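Asker: Structure below; questions to follow.
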Amino acid sequence: MFQLHNKSSYTLEDIEDNSIDAIVTDPPYGISYQNNYWDKDLPSREVWENSFKKIKHGGFGLVFSSVRLMHRLMVDLEDSGFLIKDVLFWSYLNGMPKSRNVGLLIDKELGVESEKVGEYKYVQGYKKEGADSYKTSKKYKLSPSSELGKIYDGAGLGLKPAYEPIILIQKPLEKGLNVAKNVVKYGTGALNFEETRIPYEKNEGKVGHNPHEKGRVSSNIIRTDKQEDGYDKFFLVPKVRQHKDDFNFHPTLKPVELMQHLVKLTTFQDQTILDPFMGSGSTGVACMELKRKFIGYELDENYIEIAKRRIDESLKKPELF
Ligand SMILES: C[S@@+](CC[C@H](N)C(=O)[O-])C[C@H]1O[C@@H](n2cnc3c(N)ncnc32)[C@H](O)[C@@H]1O
């Protein structure tokens, strides 16, 4: 039902060609997020070229990306043979702006001391691996003192991030086959809308000429928060807040509910999903809960232990049987 490999996924040599139904993965973004050693670069194109060989014709993939390097990842995916079908936006409101007050930078550049106008307790936004509490420190609120610094007071360097892109890719159908023939031959080529429909809100008028009982087709926007318009057209899933007592300290943990949505969208029951960058195994947990087979690769042995434990725990859930 599942296989976990504690090694690099680049060659994918353990997997037969044309045997995977879908790929759902959250690879390194190449932005050195929180200085994680494994996030220094985007993965080599080799992993996408090999993924292309392993996936069946018509099979879909969903690949998380940073906004800044999405273009490079998309080129790697496309040059490996995949079609770029869409980009899903997982949008949230609580991203942390990574900006600086340019007014204060100007004071520093001019050798002028900025004015202390108050104090605050700074709480680090994430917990260091192995630490049991969030780090806090006392900081001063500063205001620019120089004339130029005052003009640029509050000016910044980057917008508050409010979404993560997820690239939807597909291996082309087998040459000479239409969608139906490809599905008959391989079971791949169609997205699974029936399992991912967004139910209509109570009292909401149904949409379209032929409204579907289960709701509207899932869209390419996924949100963490409800709109204020009384109903919501989008799949909603909150971000994970790491808890200090949780054994899972993976810094880029994705919500299982989100992974379930992506697994359902790209596969049907009993099909096989590959995650070449498994981390703490959120895709695997989603697969077990949805009765999909799972193959995961992870380089770091600490993370693979966490993934094994999470997958084992999810298999013990009585509601699955
Ligand atoms: C963004 S994280 C995935 C986190 C995952 N979504 C979760 O919920 O836990 C990417 C993972 O890829 C792993 N990784 C990086 N390069 C790898 C490689 N060549 N082969 C296998 N795993 C790799 C890293 O150790 C890291 O845990």
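Asker: Being out of contact with any Lys or Arg (no Cβ under 8 Å at 6 or more places or on another chain) and either at pLDDT below 65 or open to solvent by less than 90 Å² (accessible area, probe 1.4 Å) (or both) is the filter here; which residues of segment 115-131 pass it?
Answerer: Result: Gly125, Tyr126, Glu129, Gly130, Ala131.
Asker: In segment 12-39, how many residues are open to solvent by 10 Å² or more (accessible area, probe 1.4 Å) and near the ligand (Cβ under 10 Å from one of its atoms)?
Answerer: Matching residues across segment 12-39 total 7.
Asker: Let me ask something else. Considering only residues that are in contact with a strand residue (DSSP E or B) (Cβ under 8 Å, 6 or more places away or on another chain) and near the ligand (Cβ under 8 Å from one of its atoms), look in segment 276-308 and name the one that is nearest to Lys53 (Cα to Cα).
Answerer: Only one residue fits best here, namely Pro276.
Asker: Suppose we filter segment 135-193 for residues that are among the hydroxyl-bearing types (Ser, Thr, Tyr) and at pLDDT 95 or above; how many remain?
Answerer: 6
Asker: Hey, does segment 157-172 have a residue that's open to solvent by 60 Å² or more (accessible area, probe 1.4 Å) and among the small types (Gly, Ala, Ser)?
Answerer: Looking through segment 157-172, none of the residues is open to solvent by 60 Å² or more (accessible area, probe 1.4 Å) and among the small types (Gly, Ala, Ser).
Asker: Let me ask something else about it. Scan segment 139-156 for residues that are among the acidic types (Asp, Glu) and exposed (fewer than 14 other Cβ atoms within 10 Å of the Cβ) and jot them down.
Answerer: Matches in segment 139-156: Glu147 only.
Asker: Does segment 309-320 contain at least one residue that is farther than 22 Å from Met96 by Cα, open to solvent by less than 10 Å² (accessible area, probe 1.4 Å) and within 15 Å of the ligand (Cβ to nearest atom)?
Answerer: Scanning segment 309-320, I find at least one residue that is farther than 22 Å from Met96 by Cα, open to solvent by less than 10 Å² (accessible area, probe 1.4 Å) and within 15 Å of the ligand (Cβ to nearest atom), so the answer is yes.
Asker: Among the candidates Leu265, Leu253, which residue alone is in the same structural domain as Pro28 (by TED's automatic domain parsing), outside any loop (DSSP other than H, G, I, E, B) and open to solvent by less than 40 Å² (accessible area, probe 1.4 Å)?
Answerer: Among Leu265, Leu253, only Leu265 is in the same structural domain as Pro28 (by TED's automatic domain parsing), outside any loop (DSSP other than H, G, I, E, B) and open to solvent by less than 40 Å² (accessible area, probe 1.4 Å).
Asker: Same structure, new question: Which of the residues belonging to segment 177-205 are out of contact with any Ser or Thr (no Cβ under 8 Å at 6 or more places or on another chain), of a type outside the set (S, T, N, Q) and surrounded by 15 or more Cβ atoms within 10 Å (Cβ to Cβ)?
Answerer: Matches in segment 177-205: Leu177, Val183, Lys185, Tyr186, Gly187, Gly189, Glu195, Tyr200.
Asker: Given the conditions (1) modelled with pLDDT of 95 or more; (2) within 22 Å of Leu168 (Cα to Cα); (3) outside any strand (DSSP E or B), and given that Ser8 satisfies all but one, which numbered condition is not satisfied?
Answerer: With (1) modelled with pLDDT of 95 or more; (2) within 22 Å of Leu168 (Cα to Cα); (3) outside any strand (DSSP E or B) applied to Ser8, the lone miss is (2).
Asker: Being under 26 Å from Pro161 (Cα atoms) and of a type in the set (Phe, Trp, Tyr) is true for just one of Tyr10, Tyr29. Which residue is that?
Answerer: Tyr29
Asker: Could you grab me the full set of residues in segment 268-280 that are among the hydrophobic types (A, V, I, L, M, F, W, C) and either in a loop (DSSP other than H, G, I, E, B) or closer than 18 Å to Asn302 by Cβ (or both)?
Answerer: Phe268, Phe277, Met278, listed by residue number.
Asker: Quickly run through segment 234-245 and pick out the residues that are in a loop (DSSP other than H, G, I, E, B) and either modelled with pLDDT of 80 or more or within 12 Å of the ligand (Cβ to nearest atom) (or both).
Answerer: Scanning segment 234-245 gives Phe234, Val237, Lys239, Val240, Gln242.
Asker: Give Ala286, Ala307 a once-over and let me know the one that is in contact with a Gly (Cβ under 9 Å, 6 or more places away or on another chain) and part of a helix (DSSP H, G or I).
Answerer: On inspection, the qualifying residue turns out to be Ala307.
The values are calculated or read from the model by the stated rules, or taken from the named source; none is laboratory data. None of the values given here were measured: they were computed from a predicted structure. Positions of Cβ are backbone-derived with ideal geometry, glycine not excepted, and every protein chain shown enters the neighbour counts. Heads up: the accessible areas ignore ligands, DNA and RNA and are worked out on the full protein's heavy atoms, side chains in. Shrake-Rupley method; radii C 1.70, N 1.55, O 1.52, S 1.80 Å.
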